[in-house]
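K.L.:
My structure is below; once you've seen it, I'll send some questions.
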Amino acid sequence: MVPRSSEACQTSGWKQDLLEAYRDADRLIADLGLTRREIPELDCDPPEPPLLVPRGFARLMKPGDPHDPLLRQVLPLAPERLRIAGFGPDPLDERSADRGNGLLIKYDGRALLLLTSACAIHCRYCFRRRFPDSARGALRPRLTRALAAIAADRRITEVILSGGDPLMMGDRGLAGLIAGLDAVAHLKRLRIHSRLPVVLPARVTRALCDLLGAARVKVIVVTHANHPAELGAAAEAALSRLRRAGCQVLNQSVLLRGINDSAEVLRALSERLFDCGTLPYYLHQLDPVQGASHFQVSDACALELVQALRSRLPGYLVPRLVRESPGADSKIPLAG
Ligand SMILES: *Cc1c(COP(=O)(O)O)cnc(C)c1O
Ligand code: SF4
C-alpha cells in the first residue's frame, strides 16, 4: 500500500466533509432534537438552492433551539416564496459590469473573478443565486481568457476571487490560477472572498497556506461570519493558519433580522473575530434578492446598531456599514 502523506489526508478531509454535509432538513432538525411542529414555517421543498450545511457548522448550533442564529441562516422557510416589490432576481444589476468569462469590473482598479457557483453551505439570504451566464462553461479556457483580459488592462491592481466560493476549487487549480496572476506585473494584490475558513475550516490545508504564502502578490482573505457562534475552535485555528501564512484576514457580515440585528451580538462578533486574528471589514445591508425579504433590517435600525457599536468598541473593531448599489462607483456607506 502506498503511504499517504498528511497533506493528502487533509485534502480528502475537506472533500469528505462536503460529501457528508446535511442535504435534508428533516435530518438536520432531528439531529438538533427538533421536530417540524416546532418549526411550522419550514419548507422542505424550497425554491433553489437546496439545503446544504456542513456537519461541523451544524455542531455549533444549539440543540433544541428552533431560533438558533446559525440554523436560521441555512433553514429554508416558507417566506422565501413571498414576492415582494423591490426584491428581484438580480438586485445588483451586475450585467453592466460583466466583461465576459466571469470577470466583473465595477470599481476602479479591482476586478472580480467568479470562479465557481459552488459553495459548501447554502445561505438563505445570498444574493449570488443568479450566477452570470458569462461565468458558465468550461473553467479552464474561461480562466485563460479572463487572465488575458486582466493582463491587458494595466489599471487593474487587485483581483478578487469570488463565486460561489472560490476555495471550492482544489489546490491544484488554484495554484495554476495564482501562478498566472503572479505573472501579471501590474497586479499588487489578490483578494479571496470565502466563507470556507468559517464553515469548512478543514479547507485551509497546509498546501493552501503554502500556496498563498508563496505568492508574489499580497494575499487578503475576506471571510464571512455573521454571528460569533460561527467561530468555533476549528475556524479559529484555520484563520490563524492563514495569518501565519502571511495573509491579511478580514471579515464581512450581512446584517440579518433575527440573527445578528443586536448591538450585543455584533459587539461579540467583533471581539470574537479579533480573538481569531481577523478584523471586521464590512457589515452589509442585505441586497434585495427575491426570497430574502424576511431577513431585512431597516436602515434606521442598522444605523442605530452601528452607532451603539461605536460607543462600545475601539474604532478598528467597528465594521463599515455599507450597501451595494447598481451603478455606483463604490459600495455606499450608510449615513444617518
Ligand atoms: C464589493 C465588490 C468589490 C470590492 O469592493 P471593496 O470596496 O474594495 O471591498 C469589487 N468588485 C465588485 C463587483 C464588488 O461587488
Ligand atoms: S457562502 Fe457566500 S456565496 Fe455561498 S451561499 Fe453563502 S453567502 Fe452565498
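Please treat every number below as a calculation from the coordinates, not as lab data. Note that the coordinates shown come from a computational prediction; the quantities given were computed from them, not determined experimentally. Neighbour counts run over all protein chains shown; Cβ positions are idealised from the backbone, glycine included.
K.L.:
Which translational diffusion coefficient, to the nearest whole µm²/s, is obtained for segment 268-336 from the Stokes-Einstein equation, given a Kirkwood hydrodynamic radius over C-alpha pairs, 20 °C and 1.002 mPa s?
P.N.:
162
K.L.:
Each residue of segment 215-226 in turn: what ³J(HN,Hα) in whole Hz from Karplus with 6.51, -1.76, 1.60 and θ = phi - 60°, glycine and Pro shown as x?
P.N.:
Once θ is set to phi - 60°, the couplings for segment 215-226 become 5, 5, 5, 6, 9, 10, 9, 10, 8, 9, 10, 10 Hz.
K.L.:
Also, quick follow-up: Just to confirm my numbers, what's the Cα centroid distance between segment 270-333 and segment 43-96 in Å?
P.N.:
19
K.L.:
Can you list the lysines whose alpha carbon sits under 30 Å from that of K188, skipping same-chain ones fewer than 8 residues off?
P.N.:
Correct list for K188: K106, K218, K331.
K.L.:
Compute the distance in nm between two label points, each set 7 Å from the Cα along the Cα-to-Cβ direction, one at E48 and one at A149.
P.N.:
2.1
K.L.:
Consider all pairwise Cα distances in the chain and report the whole-number % of them above 37 Å.
P.N.:
Roughly 14 percent, rounded to a whole number.
K.L.:
In Å and from the alpha-carbon atoms only, list the Rg and Dmax of segment 184-336.
P.N.:
Values for segment 184-336 (Cα only, Rg and Dmax): 16.1, 46 Å.
K.L.:
Here's another thing I want to ask about it. At 7 Å along Cα-to-Cβ for each site, give me the label-to-label distance between E41 and R243 in nm.
P.N.:
3.7
K.L.:
From the alpha carbon gyration tensor of segment 234-291, can you work out the equivalent ellipsoid semi-axes (sqrt of 5 times each eigenvalue) and give them in Å, largest to smallest?
P.N.:
Gyration-tensor ellipsoid for segment 234-291: 24, 14, 9 Å.
K.L.:
More than 21 Å apart: what percent of Cα pairs in segment 173-239 qualify?
P.N.:
In whole percent, the long-distance tail amounts to 29.
K.L.:
How big is D for segment 4-133, in µm² s⁻¹ as a whole number, if Stokes-Einstein is applied with the Kirkwood radius of its Cα pairs at 20 °C and 1.002 mPa s?
P.N.:
Here the translational diffusion coefficient equals 125 µm²/s.
K.L.:
Show me the ranking of peptides 149-157, 324-332, 281-289, 198-206 by mean Cβ neighbours inside 10 Å, starting with the highest.
P.N.:
The densest-packed peptide leads the list: 198-206, 281-289, 149-157, 324-332.
K.L.:
For segment 59-138, what are Rg and Dmax over the alpha carbons, in angstrom?
P.N.:
Over segment 59-138's Cα set, Rg and Dmax evaluate to 16.3, 48 Å.
K.L.:
In vacuum, with every alpha carbon of segment 71-191 counted as one equal point scatterer, what does the Debye formula give for log10 I(q)/I(0) at q = 0.10, 0.20, 0.21, 0.23 Å⁻¹? Two decimals, please.
P.N.:
The Cα Debye sum returns log10 ratios of -0.35, -1.13, -1.22, -1.39.
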